[in-house]
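Just below is one structure, and these are the notes that go with it.
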Amino acid sequence: MDIQRPRGTRDFLFHEMSQRKQVENTLRRIFETYGYQEIKTPLFEDLALFTMKSGEGIMEQIYHFQDKGGRDLALRPELTAPVARLYINELQKKSKPIKMYYFGSCFRYERPQAGRWRQFWQLGCELIGGRSPESEAEIIALSAHCLEELGLEDFEIHIGNLGIIRGILNEAGVSRGEQDQIMATIDKGDVKELKDILETFRVDQNLKDVLITLVGMKGHREVIDKVSRIIDGNESALKALKELEELLGILEAFGFSNYIVNLGIARGLDYYSGTVSEIYVHGLGAQKQISGGGTYNLIELFGGETVESTGFAFGFDRLMEALKKQGITMPQSRTVDVFVAPISQEVKLQAFEIAQDLRKNGIKTDVDLVGRKLKRILSHADSLGARYVLLVGERDLKEGKITLKDMELGEQILVEIDQVTAHLIKLCPQ
RNA sequence: GCCGGGGUGGGGUAGUUGGUUAUCCUACGGGACUGUGGAUCCCGCGACUCGGGUUCGAAUCUCGGCCCCGGCCCCA
């Protein structure tokens, strides 16, 4: 029987896991620096949680099943909806704003390719009950802070506001359904397809030109002025633009000004309302987006009281890919600092006692458990990368001593048996 | 769901105009060496992705499945 890993899943071995854990810990630390608290939601949820907001079409990509009680359940394909659900179930009456973060795996039934797996991890946060654009600015600053801390370079943070284009479309009387299709097309970034669909919906030439110009708007602060001339007279669009401008100002106060204003960012889903942001790292193939975020009204959609909420999430696997691509590695700690080697089976109990004493003092220690010859033990200790080996042998024990060997320098000294732990505590970084 | 490229011991490979016991390196287990690693030598372990077809004979040709890599679609 040859059982294979399910398609689109991965096993993580020691080195990779260590790297992932360190990146995870770094991000957690920063999230907590901003006052976010961790939550954990179930791996599976009621299927309806994911279908009610985005329609049945989403079913194609969801791992769903019926349990033995006939309930329709789904492995979560993302974490924003579960967090919104958690908020409604547990936290509606808590003092606002509420800052939550999560780290967990999600599942989508899709064709695996570079940067896309069927089980993947998201690390993100949600800020509920804050205010635009202050909350959004803080979240974007937080995400930039994370990437800077990790040492990632050449990332681009794109920021847009869906209210601008929505405002234009509303005033032109384009129906909600058509708007959603237009937004979905903008999201794809295909200008030709956008033209085609605008043609199909018979929007007038002037409006068409305005839209095409707007989605192509990309740049720094100067974009604001250009856009304001284009949408002059449209109150709701101008209001959204004003909000975007304010956001940029706040973001700069938070210490991040290397953003790219990009009105071509959209969302296929209609519960995203105002600010949206995405982070790209080039050189990752088709999946260059490592993060996505924005302001949404999911909570209302689920029947909660109206409350502003915004969030973002890193595609953790893609972030790891980006770091790897740039040659950024986290410091690798030793598997063990000390290896205790009984020279003969007669002294193995003493070896175990010594090992345990070191461990109780916080020193990463391994000890031979398989009764190998000294030569093999040293070889094994070497392959583990142990810095020190304690050779426990009858000859030394008779004098109350143990040999301490430095595997890197190749030197060794005799240490009084009751001094060994104290000696190694000094040598090994805790 | 679609298109292209792949799949030989744990890792990396040779072999693919069909033909003896599938090559080499490395890793791993043991020994040479009963108190000294990263050196050498010896021994051992271990593979043709799966199934059907063609054939006297298939790792090799052919069809299909599975899986991997890249792209399309999609991307909450």
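The values are calculated or read from the model by the stated rules, or taken from the named source; none is laboratory data. Only a predicted model underlies this, so the values are computations on that prediction, with no experimental measurement involved. Please note: Cβ atoms are built from the backbone with ideal geometry, for glycine as well, and neighbour counts cover all protein chains shown. Quick note on the areas: whole protein, heavy atoms, side chains included, nothing else; ligands and nucleic acids left out. Shrake-Rupley method; radii C 1.70, N 1.55, O 1.52, S 1.80 Å.
Couple of notes before you dig in:
- Within the option set A:Glu90, A:Glu78, being at pLDDT below 95, in a helix (DSSP H, G or I) and either under 22 Å from A:Gln119 (Cβ atoms) or more than 10 Å from RNA strand B (Cβ to nearest atom) (or both) holds for one residue only, A:Glu90.
- Cβ separations smaller than 9 Å between residues 6+ apart or across chains give the following pairs from region A:254-281 residues that are over 21 Å from A:Glu126 (Cα atoms) to residues that are open to solvent by less than 20 Å² (accessible area, probe 1.4 Å) and near RNA strand B (Cβ under 10 Å from one of its atoms): A:Asn262/A:Glu278.
- Residue ranges of helices (runs of 4 or more DSSP H) in region A:328-430 with at least 2 members acidic (Asp, Glu), away from RNA strand B (no atom under 13 Å from the Cβ) and over 26 Å from A:Met17 (Cβ atoms): A:348-360
- Of the set (1) open to solvent by 70 Å² or more (accessible area, probe 1.4 Å); (2) free of Cβ contacts under 8 Å to residues at least 60 places away in the same chain, all apply to A:Val347 but (1).
- Per the listing A:Val281, A:Val215, A:Val223, the residue uniquely touching a Lys or Arg at 6+ places or on another chain (Cβ under 8 Å) and modelled with pLDDT of 85 or more is A:Val281.
- Scan region A:235-271 for residues that are of a type in the set (A, V, I, L, M), open to solvent by less than 30 Å² (accessible area, probe 1.4 Å) and part of a loop (DSSP other than H, G, I, E, B) and the total you get is 3.
- Residues in region A:272-297 that are among the hydrophobic types (A, V, I, L, M, F, W, C) and surrounded by 22 or more Cβ atoms within 10 Å (Cβ to Cβ): A:Val276, A:Ile279, A:Val281, A:Ile290.
- Test: residue in region A:60-69 that is within 10 Å of RNA strand B (Cβ to nearest atom), under 19 Å from A:Leu298 (Cβ atoms) and either surrounded by fewer than 16 Cβ atoms within 10 Å (Cβ to Cβ) or not assigned by TED's automatic domain parsing to the domain that holds A:Leu127 (or both): yes
- Residue that is nearest to A:Ile343 (Cα to Cα) [pool: residues in region A:396-428 that are in contact with a Ser or Thr (Cβ under 9 Å, 6 or more places away or on another chain) and open to solvent by 20 Å² or more (accessible area, probe 1.4 Å)]: A:Asp396
- Test result for A:Asp72, assigned by TED's automatic domain parsing to the domain that holds A:Glu138, open to solvent by 20 Å² or more (accessible area, probe 1.4 Å), more than 11 Å from RNA strand B (Cβ to nearest atom) and more than 25 Å from A:Thr310 (Cβ to Cβ): yes
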